[in-house]
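To keep things clear, I will list the structure first and then write my remarks on it.
The values are calculated or read from the model by the stated rules, or taken from the named source; none is laboratory data. This is a predicted model, so every value here is computed, not measured. Quick reminder, even Gly has a Cβ in these numbers, built from the backbone with ideal geometry, and neighbours come from all protein chains shown. Accessible surface areas use protein heavy atoms only, side chains included; no ligands, DNA or RNA. Shrake-Rupley method; radii C 1.70, N 1.55, O 1.52, S 1.80 Å.
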Amino acid sequence: MRLRLPVVLSFSATLIACDPTAGDGKVGDDPIDSAVEGDADADADGDTDSDADGDSDSDSDSDADTDSDADADVELSCEGFSATATEWTLPTLAGDFSGWGAFYATYVSGYNRWVGSETKYLYASTMDLTGDGLPDLVVTLDQVDAQVGNKYWLVYKGGASGFSTTATKWTLPTVAGDFSGWGAFYATSVSGYNRWVGSETKYLYASTMDLTGDGGPDLTLTLDQVDEDVGNNHWLVYEALCE
């Protein structure tokens, strides 16, 4: 038979007179912070801002910059351009660009060049579609391929010293109408086109920007005369597929 012996606990209580406004004695500290932290807010994260992420900025992510994404951006201080140039590789496209350039602008370049005995229009621009922080070269219309600007864009991914020489097809949504000879989405900035829908012409406006705030560019229909609510009561946002 087991004997159960009583356990006697001895407590020594000391009463301390506390000033609720005094904190824990650290300069700038608040009364409910831990003694380990020593900052001036009440979140016990080791910094002096009012969020709980452990860095010194005022957003809720755990990096040390002041934007709302979760990467640690490096803030640069720039004063001019280098005195020497680096050759930035461009892809090769079909057509005769004699006397001009296939990609003559960083923002938007549009050019009607000869391909054999016909003229074919090309539209291209630069923007970061892939979400890696580097600008990509995007062919948004090429009349050599009627699918470019309607079914997909051709994205030449940006790198450290130029663009990829091979393209990735960037899927586009399908909208109603006949865009023969042109593209529903022929530009990354703003594309507006009056296409045939049945026996009527209906205008379409679209552009790309990060509306959802996840860092990826969203394709946004801001006007479509097929639906009068688009541009009046709502936009149609096709979100970027990001991981």
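Leaving ligands, DNA and RNA out of it, work out the accessible area of GLU200 with a 1.4 Å probe and give it in Å² to the nearest 10.
Near enough 100 Å² of accessible area.
Explain nothing, just compute: Karplus ³J(HN,Hα) = 6.51 cos²θ - 1.76 cosθ + 1.60, θ = phi - 60°, for every residue of the range 229-243 in order, whole Hz, x for Gly and Pro.
6, 6, x, 10, 9, 6, 9, 9, 10, 9, 5, 5, 8, 10, 9
Tally up the carbon and sulfur contribution to the accessible surface of the range 142-210 as a whole percent, 1.4 Å probe, everything protein left in place.
On the way: 1760 of 3370 Å².
Here it works out to 52 percent.
Within 10 Å, count the other beta carbons around each residue, average over each peptide in 217-223, 149-155, 110-116, 77-83, and list them highest first.
Order by mean packing, descending: 149-155, 217-223, 110-116, 77-83.
Can you list the HN-Hα couplings for the range 176-183, worked out from phi with the Karplus curve (6.51, -1.76, 1.60; θ = phi - 60°), rounded to whole Hz and with x for Gly and Pro?
So the J values, rounded to whole Hz, are 5, x, 9, 10, 3, x, 9, x.
What relative contact order, as a whole-number percentage, does the range 82-191 give when Cα pairs under 8 Å and 6 or more residues apart are counted?
This gives 23 percent for the range 82-191.
Order of 131-140, 161-170 by packing, highest average Cβ count within 10 Å first? The partial results should precede the final answer.
Numbers: 131-140: 18.8, 161-170: 14.7.
Order by mean packing, descending: 131-140, 161-170.
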